[in-house]
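Heads up, the thing below is written out as structure tokens.
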Amino acid sequence: MSITTEAELAGMKKISEAVAFTLKEMRKFARPGISTKELDDYGGQILNDLGAKSAPYLTYGFPGWTCISVDNEFCHGIPSEKRILQEGDLINIDVSAELDGFWSDNGGSFVIGSDVNEHQKLVDASKDILHKAIHNIKGGVRISDIGFLIETEAKKRGYKVIKNLTGHGVGRSLHEAPHEIANYRDRFNQTRFKKNSVVAIETFISTASTYAETLKDGWTMVGNKGGFMAQHEHTIVVTEGKPIILTEMNEIWN
């Protein structure tokens with residue numbers, strides 16, 4: 001969507017703070033010994049208390065309030081009573097929701113407990129690259145140039161990017177134009193970021209794979225060459241200068 005009134009900006013801020021707060025609280029609640037279903041129910045209750053509705057459930061009938069992916073799962077992981085979190089797990093939580101007709105999206109990968117499996121370096125790379133990408137976005141910048149920046153920064157650190165997972169426009173629905181904000185230079189994409197537009201910027205930084213494939217459950221995605229992936233995501237408003245980071249409250253950069 002494009003922000004045209006103060007009321008629209010206020011609406012986007014309200015829903016963005018709801019998803020950001022939910023993600024922050026879920027990260028605090030996550031610990032070894034609990035199931036991903038327990039973690040999801042905790043997040044779902046927070047959204048409900050804030051008057052927000054789960055976007056994946058509302059839009060796609062997703063079997064959970066949030067997407068929780070663990071270890072070799074890259075994204076869209078289904079919360080399960082059988083999946084018990086372990087010390088050192090790499091986990092990704094993606095929280096998106098709707099409130100009063102406005103939609104917002106955010107997510108982040110982190111390590112459960114102590115970093116016994118040495119995933120923190122990958123997590124830090126994803127966070128740092130997202131920060132750099134977002135702070136290079138303003139009206140008129142080519143979307144493909146931001147993709148090139150993300151891929152270049154990943155390669156510098158010895159990582160790859162997932163080419164079939166992208167950021168996207170958001171605001172009046174979960175996915176809007178621009179539909180593909182890729183993590184690499186897509187030379188066929190000539191579109192530019194527009195001032196006052198709302199977009200969800202996501203990194204998909206991987207150790208081995210370059211494409212994500214869907215498992216038989218119809219939701220969970222894993223890498224075509226295995227390995228691990230870290231994702232971080234903020235919803236922002238594009239301006240002529242520094243973007244407005246609507247989901248900054250999630251503290252994924254802290």
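How many percent of the accessible area of segment 181-254 is carbon or sulfur, using a 1.4 Å probe? With neighbouring chains kept in place, the figure for segment 181-254 is 51 percent. Its convex hull of Cα atoms gives segment 1-123 a direction-averaged projected area, equal to a quarter of the hull surface, of 7.8 nm².
By the Cα gyration tensor, segment 143-192 has an equivalent ellipsoid whose semi-axes, rounded to whole angstrom, run 22, 12, 8 from largest to smallest.
Loop-located chymotrypsin sites (Phe, Trp or Tyr not before Pro) across segment 150-254 with a Cβ neighbour count of 10 or fewer within 10 Å are Phe188, with loop assigned by DSSP. His131 sits with roughly 80 Å² accessible to a 1.4 Å probe, with DNA, RNA and ligands left out of the calculation. Springs between Cα atoms under 10 Å define the GNM used for the chain, and in it the highest mean-square fluctuation of Asp49, Asp71, Asp145 occurs at Asp49. Spread over its residues, the convex hull of the C-alpha atoms of the chain is 109 Å³ per residue. Positive-end ranking of Phe228, Ile112, Ile137 along the dipole of the chain, with charges on Cβ about the Cα centre, is headed by Ile137. Take the chain, mark every one of the trypsin sites (Lys or Arg not before Pro) that falls in a DSSP loop and has at most 10 other Cβ within 10 Å, then report the longest stretch left between them, sites excluded. The longest uninterrupted stretch comes out as 83-186. Accessible area per residue for the chain, computed on protein heavy atoms with a 1.4 Å probe, is 44 Å².
Working from label points 7 Å from Cα in the Cα-to-Cβ sense, the Asp128 to Ala10 distance is 4.1 nm. Net length available on complete extension from Lys28 to Arg172 is 48.9 nm, with 0.36 nm assigned per residue and the Cα-Cα distance removed. At the residue level, Glu25 shows approximately 30 square angstrom of accessible surface with a 1.4 angstrom probe and all protein chains present. Note on segment 40-101: Cα-only Rg and Dmax are 12.1, 39 Å. Could you pull out which residues in segment 190-214 have an amide N less than 11 Å from a spot 7 Å beyond the Cα of Glu240, following the Cα-Cβ vector? Flagged as within label range: none.
Tell me, how many Å apart are the Cα centres for segment 57-92 and for segment 182-254? Segment 57-92 and segment 182-254 have Cα centres separated by 17 Å.
Taking a point 7 Å from the Cα of Tyr211 along the Cα-to-Cβ direction, the residues of segment 140-173 with backbone N closer than 11 Å to it are 163-164.
The values are calculated or read from the model by the stated rules, or taken from the named source; none is laboratory data. If you're wondering where the values come from, they're calculated on a predicted model, not measured in any experiment. Neighbour counts are summed over all protein chains in view; Cβ atoms, including those assigned to glycine, are modelled from backbone coordinates with ideal geometry. Ligands, DNA and RNA are excluded from the accessible area calculation, which covers all protein heavy atoms including side chains. Shrake-Rupley method; radii C 1.70, N 1.55, O 1.52, S 1.80 Å.
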